[in-house]
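> Pasting a structure here, questions to come.
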Amino acid sequence: MSTNPDPKKRPEPLGAQFQPSRRDRLRPVELVGGSGIGAIFVGLVVLLTTQQIVLTLVATGITFIVVLMVLALFAMGAKQDAEETADLEQQNNPDGTK
């Protein structure tokens, strides 16, 4: 039996086995949506109090960026360890099926 790889078979790219969960794929949408909601709220408050469009657009843009950065930093800081992941799996599948 030969241990040489088959030259016709292409090697799998790095990370080909990893399939992110739906939650992992939707995380960027959550971050952008949350910062969009915060920016719209601040934009409406500024517009109703000052009635200046340019000031409203500036405040909305700044709020969007700041809230997006803060949410992203919080998301990066909250990582699960193996014990927490196992506990979540057990809660999601109490009968042991995947």
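> Quick check on this structure: which one of Thr56, Thr49 is exposed (fewer than 13 other Cβ atoms within 10 Å of the Cβ), in a helix (DSSP H, G or I) and over 20 Å from the mean Cα position of the chain (by Cα)?
Thr49
> Looking at (1) more than 30 Å from Leu88 (Cα to Cα); (2) at pLDDT below 95, which is the only condition Phe74 fails?
Every listed condition holds for Phe74 apart from (1).
> Show the residue pairs meeting these rules: Cβ distance below 7 Å; 6+ apart or different chains; first residue within region 60-74 and without any contact (Cβ under 8 Å) to a residue 24 or more places away in the chain; second residue in a helix (DSSP H, G or I) and surrounded by 13 or more Cβ atoms within 10 Å (Cβ to Cβ).
Thr60/Ala39; Thr60/Val42; Thr60/Gly43
> Of the residues that sit in region 59-90 and are exposed (fewer than 10 other Cβ atoms within 10 Å of the Cβ) and either more than 22 Å from the chain's Cα centre (by Cα) or of a type in the set (Asp, Glu) (or both), which one is farthest from Ile40 (Cα to Cα)?
By that ranking, first place goes to Glu83.
The values are calculated or read from the model by the stated rules, or taken from the named source; none is laboratory data. Bear in mind the structure is a predicted one, so any value in this text is a computation, not a measurement. Cβ sites come from the backbone with ideal geometry, for glycine too, and all protein chains shown count toward neighbours.
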